[in-house]
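For reference, the structure is listed below as C-alpha cells.
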Amino acid sequence: MFDKKNRWIIVSNRLPLEVKNDEIIRGSGGLITAITGIDSANPILWAGLVPGEDIENDYLASLKKLKDKIQYHPIFIKKKEYHKYYNGFCNDVLWPLLHYETEYVRYDLSNWKTYIDVNKKIARNLSTLIAKDDIVWIHDFHLLLVPKFLKKIKPNCKIGFFLHVPFPSYEIFRQLPMANHILEGVLGADLIGFHDYSYLRYFVSSVRGVLGIYPTKMQIEFNQHQTKLGVFPASINYQIFREISKSQETALLMDKWKQSSFEIEKVILGVDRLDYTKGIDLKLKAYEVFLEKYPQWRGRIQLLQLATPTRTEVPEYINLKNEIDMAVGRINGKFGTANYVPIKYMFNFVTPSELAALYAHADVLLVTSKRDGMNLVALEYIVSQNNDDPGVVILSEFTGAVSHLSEAISINPWNIYETADAIFHAINIPLSEKARKNNIMKKFLFNYTATTWAQRFMQELEAYKVVDQKMRHISSEENIPLEIQTAIKNHHNNLLLLLDYDGTLTPIRSEPSKALLTLRARRLIHKFAITQKVDVCIISGRDRDFLKRQFENYNVYLAAEHGAQFYNKSKGKWMTLVTDHKKKWYASALKIMLDFANMVPSSYVERKDYAICWHYRNSPVEFARYQAVKLRNELEELMRNYPVNVISGKKVVEIKDHSANKGVFLRWFLNRYDFSDKAIIAIGDDATDESLFKELNSNKGITIKVGAANSAATYRMDEHTDVLWFLEKIDQML
Ligand code: GDG
C-alpha cells in the first residue's frame with residue numbers, strides 16, 4: 001500500500017472551475033468526471049490553467065469561498081496565448097491526429113512554439129509548489145512536454161503522466177512533424193499510463209520508430225532515465241452515480257420524460273460531445289437503416305440524442321453541426337408523422353440529474369465513436385440502471401471501454417448494417433439476460449472505481465525508484481555554485497580544465513565531421529590557453545587527427561581515443577599510452593565491421609588508431625538497430641580472447657583497446673604532471689566520462705555531467721550551451 005500522507009498534485013490543462021458573476025461553476029467532460037470521482041485519503045492539489053485578463057483577484061477570492069476537499073491552484077494565462085496553445089495546437093493538431101483524423105490537422109509553427117512555452121510555464125509554476133514528498137500526476141495531451149521540463153527542474157520528484165485519449169498506430173503518429181519532441185517530452189515522466197493495452201503497444205512502436213530506442217518489457221530507457229509504462233483504464237465514482245440516479249429529482253424528471261413520450265416503447269440514447277470523433281453521423285445512418293429494415297418499429301422507437309456543444313466557433317465543428325442538423329431533419333422528415341418524432345435531438349448541456357434521468361429512462365445506450373480513449377458515458381449508463389429493468393449498451397469497438405465492458409454489444413460503427421441489427425437485437429433481449437449482463441458490468445464498476453484507477457496508478461508511481469540524483473544543478477539562470485568559486489579562489493585562480501568534446505563543447509551532430517567548435521568556444525579556449533594560470537586538456541573519443549585539426553594552434557593538452565594517445569603541449573609531441581596489441585585484433589574486427597557497413601545503408605566504419613567504430617546514425621532505424629545487436633554479439637564472441645572492449649554508444653558500436661579509458665588516462669596524467677596547486681574541473685556528457693568522474697572524485701576534483709542522466713559526477717548541467725556559459729563565467733572570475 002502507498003503512503004496516505006503524500007500529497008498528490010494533479011495537473012490538467014484547465015481547472016474544472018470557472019467563475020461567472022462571482023459564482024463558481026463546475027465544468028464537465030470525461031477528464032473532469034474521472035478526476036473528481038477520485039475519493040482519496042491523500043490530500044489533493046489540482047493545478048491547471050485559467051485563461052483571462054485581469055481575473056486573478058476575482059478568481060482567487062471566489063476560490064477562497066469554495067468548500068472542497070480538493071485544493072485548487074490556478075495558473076493564470078492571457079487569453080491570446082491560451083487560444084494559440086489550446087485551439088491552435090492541442091485541438092488543431094494533437095486531438096485529430098491522436099484520433100486518426102489526419103485530414104483535420106492544421107499545422108502552424110507559431111502555435112507549436114506557444115505549446116512549448118505554455119508547457120514550460122506550467123512546469124516552472126509547478127516547480128515552485130512541489131514539496132519533498134509530493135507526487136505529481138499530469139493529465140492528457142495538452143501537457144505532453146511538461147514531464148520533461150519539470151524533470152529538469154525537479155529531478156527527484158516522482159512524475160506520472162496519463163493519456164486520456166487514444167495513442168494511434170506508428171504510421172499515423174509518425175506524420176506529426178514534432179513527433180520526436182512530443183515523445184521526448186512525455187518520456188520525462190517516471191510512469192506513463194494508458195486506458196488500453198493497444199495504446200501502450202502503439203506508443204512503444206512509435207518510440208522505437210521515431211526515437212530508435214528499443215524498450216524492454218514495460219519500460220523505456222531514454223537519456224539514461226527509465227520510464228515505466230502501464231495500462232490503467234479510467235473509471236467513475238460508482239456511489240455518486242448511484243445516488244444521483246436514485247434521487248427524487250431524477251425520479252421526477254424521469255416521470256416527465258415518460259409522460260412526454262408515452263407512445264414510445266423503446267428509447268435509444270446517445271450522449272456525446274458534438275465532436276467528429278464521436279461518430280454521431282454513423283449513428284444516425286445506422287438508425288435510418290434500422291427504421292428501413294424493421295418498419296414494425298416505426299412509431300414505437302425513438303433515438304434521444306444529447307449532443308453537448310464543443311468548440312462551437314471552429315469551422316469544422318460548425319460544418320459538423322450543420323451536417324448532423326440536416327441528417328436529423330432528413331430522417332425525421334422521412335419517418336416522422338403528426339404523432340411521431342423518430343429522433344429527439346438536443347444540442348445543449350443538461351444538469352447531472354437530467355443526465356441521470358436520461359440514462360435511467362433509455363432502454364439502450366448507443367455509442368458509435370470512431371475513436372474514443374475510453375468513453376465514460378457507457379460506464380455511467382451501466383451504473384445508473386435500475387435493477388428491475390436495466391438497459392443494454394451497444395458499444396463501438398474503437399473505444400477503450402470495450403476492453404473491460406465484457407457484456408456490452410460490440411459493434412464496428414462503420415458497419416451501419418451491423419449496428420442496425422445490433423439495435424434490433426438489443427431491444428429484443430429478454431429481461432433476465434439484460435439483468436445478467438448489467439449485473440456483471442455493474443459489479444465490475446462497483447469494485448473498479450475512479451478511486452481504484454487513481455490508487456493503482458499512484459501506487460505504481462510511488463513504487464518507482466527515482467534514481468537518487470544527489471547531483472547539484474548548475475544553471476545559467478543562477479550563478480556558479482559558491483563551492484566551485486571557493487575552490488578556484490583557494491587555488492589562487494590556478495585551474496586545470498578537463499573537457500570532453502562532442503556533446504560538451506559542441507552539440508551532437510548527425511554527421512560527426514560537422515561537429516565543429518563555434519567561434520565563441522574557440523575564443524574561450526584560446527583565452528584560457530594563453531593564461532599562465534589555466535591548463536586545458538581535451539579528453540575525447542575522437543582520433544588524434546581530428547583533435548589536431550580542431551586545436552592546432554591552441555596551447556592545450558589533447559587526449560585522443562579515450563586517452564590512448566596524448567599530445568604534450570609543452571613538447572608539441574604525440575605519445576601512445578596503450579600497449580600496442582592492435583595487430584592481434586584490429587584487422588579481423590575491421591573485416592567484420594566493414595561487412596556490416598556494406599549490409600546496412602548509410603552506415604560506415606570509422607578507423608581510429610586503437611579503436612574502430614561502426615556508425616549507423618543515418619541508417620533505417622529498425623534494421624540498423626537489429627544489425628547493431630548482431631554486430632556486438634559477433635564481436636564479443638570472436639574477440640573474447642583479445643584485450644578489447646565492445647561498447648554500444650549513441651547509434652554506434654565501438655571496439656577499442658581495453659586500456660584506452662578516460663579514468664586510466666587521468667590517473668596517468670595526474671601522476672605524470674604536478675597539478676597539486678590547481679583546482680581541477682572535469683566536464684563531460686557521455687558514458688565514457690564516468691570513469692573520468694570517478695577517478696577525479698577520488699582526487700577531490702569538481703565533476704560536472706552534461707545532460708539529465710544519472711552519473712558519478714557531483715554537479716550536472718542541462719546542455720552544452722550551459723558549458724560555454726559556465727566557462728565564460730569562470731573566465732570572468734579569473
Ligand atoms: C475524454 C476522452 C475518455 C456530457 N454531456 C454532459 C455531461 N457530460 C459528461 C458525461 C461524461 C463526460 O461528460 C464525457 O466523457 P467521455 O469519456 O464520454 O468523453 P470525453 O469528454 O471526450 O473525454 C474519453 C475521457 O476523457 C476520460 O479519460 O473516456 O475517451 O475523449 O462524464 O457524463 N455532463 C453533464 N451534462 C451534460 O450535458 N452534467
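FYI, it's all coordinate maths here, none of it is from the lab. Just so it is clear, the structure is predicted and the values come from calculations on it, not from any experiment. FYI the Cβ positions are ideal-geometry reconstructions off the backbone, even for glycines, and counts take in every protein chain you see.
Rounded to whole numbers, the Karplus 3J(HN,Hα) couplings from phi for the stretch 489-494 are 5, 4, 9, 6, 6, 7 Hz, using 6.51 cos²θ - 1.76 cosθ + 1.60 with θ = phi - 60°, and x at Gly and Pro. Distances between placed amide hydrogens fall under 5 Å for H658 paired with V644, N645, all partners being 5 or more residues away or on another chain.
Is the shape of the stretch 582-657 best called rounded, prolate or oblate, per the rule: a/c under 1.5 gives rounded, else a/b larger than b/c gives prolate, else oblate, with a ≥ b ≥ c the square roots of the Cα gyration tensor eigenvalues?
Values: a/c = 1.91, a/b = 1.68, b/c = 1.14.
In terms of gyration-tensor shape, prolate.
The alpha carbon radius of gyration of the stretch 8-231, expressed as a multiple of 2.2 N^0.38 Å, is 1.01. Tell me the GluC sites (Glu not before Pro) within the stretch 411-517 that lie in a loop according to DSSP and have at most 12 other beta-carbon atoms within 10 Å. Passing sites in the stretch 411-517 are E477, E478.
Rg over Rh for the stretch 451-544 works out to 1.18, both radii taken from alpha-carbon positions and Rh defined as the Kirkwood radius. Spread over its residues, the convex hull of the C-alpha atoms of the stretch 1-118 is 138 Å³ per residue.
Counting pairs of Cα atoms in the stretch 639-716, how many percent are more than 17 Å apart? Could the numbers behind the result be given before it?
Details: 1530 of 3003 pairs.
I get 51 percent for the Cα pairs in the stretch 639-716 exceeding 17 Å.
With the helix formula -39500 (n - 2.57) applied to DSSP H stretches of n ≥ 4, the chain reaches a computed 222 nm mean residue ellipticity of -12000 deg cm²/dmol.
Only beta bridges with both residues in the chain are counted; by DSSP, about 30 percent of them are antiparallel. Using only the C-alpha atoms, the convex hull of the stretch 336-442 corresponds to 128 Å³ per residue.
With Rh defined as the Kirkwood radius, the inverse of the mean 1/r over Cα pairs, the Rg/Rh of the stretch 239-447 is 0.94. One Cα centroid belongs to the stretch 431-481, the other to the stretch 29-60; the line between them spans 18 Å.
Over 14 Å, how big is the tail of the calculated P(r) for the stretch 673-734, in percent of all Cα pairs? Kindly include the intermediate steps, with their values, before the conclusion.
Values: 1068 of 1891 pairs.
Here the tail beyond 14 Å accounts for 56 percent of pairs.
Which semi-axis lengths, in whole Å and largest first, follow from the square roots of five times the eigenvalues of the Cα gyration tensor of the stretch 79-175? It would help to have the intermediate numbers written out before the result.
Numbers: eigenvalues 136, 53, 19 Å².
Computed over the stretch 79-175, the values are 26, 16, 10 Å.
In whole percents, the pair-distance distribution calculated for the stretch 248-296 from its alpha-carbon pairs, binned every 10 Å from zero, is 20, 36, 34, 10.
Pairs K584/K651; K113/K527; K465/K489; K80/K158; K548/K662; K608/K705: which are spaced more than 30 Å apart, C-alpha to C-alpha?
On the way: K584/K651 26 Å; K113/K527 37 Å; K465/K489 38 Å; K80/K158 32 Å; K548/K662 18 Å; K608/K705 26 Å.
Beyond 30 Å between Cα atoms: K113/K527; K465/K489; K80/K158.
Here is the size of the chain from its Cα atoms: Rg then Dmax, 31.7, 106 Å.
Determine one quarter of the surface area of the Cα convex hull of the stretch 327-395, which equals its mean projected area, and express it in nm² to one decimal. Walk me through the numbers on the way to the answer.
Values: hull surface 24.8 nm².
About 6.2 nm², averaged over all directions.
Separation of the stretch 171-231 and the stretch 670-726 by C-alpha centroid, Å? About 31 Å separates the Cα centre of the stretch 171-231 from the one of the stretch 670-726. According to the Kirkwood relation over distinct C-alpha pairs, the hydrodynamic radius of the stretch 127-247 is 15.4 Å.
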